[in-house]
Amino acid sequence: MTRTVDLPDIIPVFPLPGALLLPRSRLPLHLFEPRYLAMLEDALKTPGRLIGMIQPNRIPGRDCGTGLHAIGCVGRVTQFSETEDGRYMITLTGLSRYRVIEEIEGFTPYRRVKVSWSGFERDMGPADCDPGFDRTAFLNLLARYFQARELQTDWDSLKEAEDELLINSLSMLLGFEPEDKQALLEAPSLSTRRETLVTLIEYTLRGGDNEDIMQ
């Protein structure tokens, strides 16, 4: 389990469409924009080494918006390496979800928000469980999805993975729309995340937005 970290009231955030971080999961990131290199540099100077992932929230009626979704997930920088041209490859290990209270205006080139951790206390605890998980039926559904998408995977590793690792890893890795990723993030329990994941997979297999992908 990730080491205990004090969760501050203000955190830096990295708005990245489609990138999902979940508690006790790991997210690799490639940083190259100057503002996010500055964010990493500042984060590494702090004891917690925290960066908050969050989905941008497009404003209706506009081609692009600067809004943020209300809920994100903070991670601790647990690995980082620099390339010869100054880019960084980092790994964030998810700690806890948070709710945005307000954005903080300031002089940093990256965005910061004031957050509340209330309601997400379980995120810092032991791994969640899913008592109603039918692994065989889920893996059969997943096999149909991978076949439809012409994807390959290590099925032995999937079969052996713990429930939370399996469900969260697939939630993070599968190519769903940003709003679908947000729904997976906001799921109140592992069971509801699994139910949401199954719904999204079944929707894709029925055709979804692409009529060429069928059962």
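Check whether at least one residue in region 102-110 is closer than 29 Å to residue 160 by Cβ, loosely packed, with under 14 Cβ neighbours inside 10 Å and touching a strand residue (DSSP E or B) at 6+ places or on another chain (Cβ under 7 Å), and report yes or no. No, every residue in region 102-110 fails to be closer than 29 Å to residue 160 by Cβ, loosely packed, with under 14 Cβ neighbours inside 10 Å and touching a strand residue (DSSP E or B) at 6+ places or on another chain (Cβ under 7 Å). Scanning region 101-122 for residues that are of a type in the set (Val, Ile, Thr) and in contact (Cβ under 8 Å) with a residue 60 or more places away in the chain yields 104, 108, 113, 115. Could you please let me know if residue 187 is modelled with pLDDT of 95 or more, under 22 Å from the mean Cα position of the chain (by Cα) and among the hydrophobic types (A, V, I, L, M, F, W, C)? Yes, satisfied. Among the residues making up region 5-31, those that are assigned to a loop (DSSP other than H, G, I, E, B), farther than 17 Å from residue 80 by Cα and not small (Gly, Ala, Ser) are 5, 6, 7, 8, 9, 16, 17, 20, 22, 23, 24. Just so you know, in region 141-158 the residues that are among the polar types (S, T, N, Q) and loosely packed, with under 11 Cβ neighbours inside 10 Å include one that is nearest to residue 203 (Cα to Cα), and it is 147.
Among the residues making up region 47-62, those that are surrounded by 13 or more Cβ atoms within 10 Å (Cβ to Cβ) and either modelled with pLDDT under 95 or not aliphatic (A, V, I, L, M) (or both) are 48, 49, 52, 55, 56, 57, 58.
Scanning region 1-50 for residues being among the aromatic types (Phe, Trp, Tyr) and more than 22 Å from residue 103 (Cα to Cα) gives a total of 1. Only residues that are in contact with a strand residue (DSSP E or B) (Cβ under 7 Å, 6 or more places away or on another chain) and free of Cβ contacts under 8 Å to residues at least 40 places away in the same chain were counted in region 21-54, giving 3.
For region 105-130, name all the residues that are over 22 Å from the mean Cα position of the chain (by Cα) and either hydrophobic (A, V, I, L, M, F, W, C) or in the same structural domain as residue 186 (by TED's automatic domain parsing) (or both).
First pass over region 105-130, keeping only residues over 22 Å from the mean Cα position of the chain (by Cα): 105-109.
Scanning region 105-130 gives a single hit, 107.
Report yes if residue 125 is without any contact (Cβ under 8 Å) to a residue 60 or more places away in the chain and either on the phi > 0 side of the Ramachandran plot or aromatic (Phe, Trp, Tyr) (or both), otherwise no. Taking the combined requirement at face value, the residue does not satisfy it. Within the bounds of region 207-214, is there any residue that is in contact with a Phe, Trp or Tyr (Cβ under 8 Å, 6 or more places away or on another chain) and assigned to a loop (DSSP other than H, G, I, E, B)? There is no residue in region 207-214 that is in contact with a Phe, Trp or Tyr (Cβ under 8 Å, 6 or more places away or on another chain) and assigned to a loop (DSSP other than H, G, I, E, B). Checking each residue in region 115-131 for being surrounded by 15 or more Cβ atoms within 10 Å (Cβ to Cβ) and more than 23 Å from residue 79 (Cβ to Cβ) picks out 115, 117, 120, 128, 130.
Scanning region 8-18 for residues that are modelled with pLDDT under 95, at negative phi and touching a helix residue (DSSP H, G or I) at 6+ places or on another chain (Cβ under 8 Å) turns up just one, 17.
The values are calculated or read from the model by the stated rules, or taken from the named source; none is laboratory data. Note that the coordinates shown come from a computational prediction; the quantities given were computed from them, not determined experimentally. Quick reminder, even Gly has a Cβ in these numbers, built from the backbone with ideal geometry, and neighbours come from all protein chains shown.
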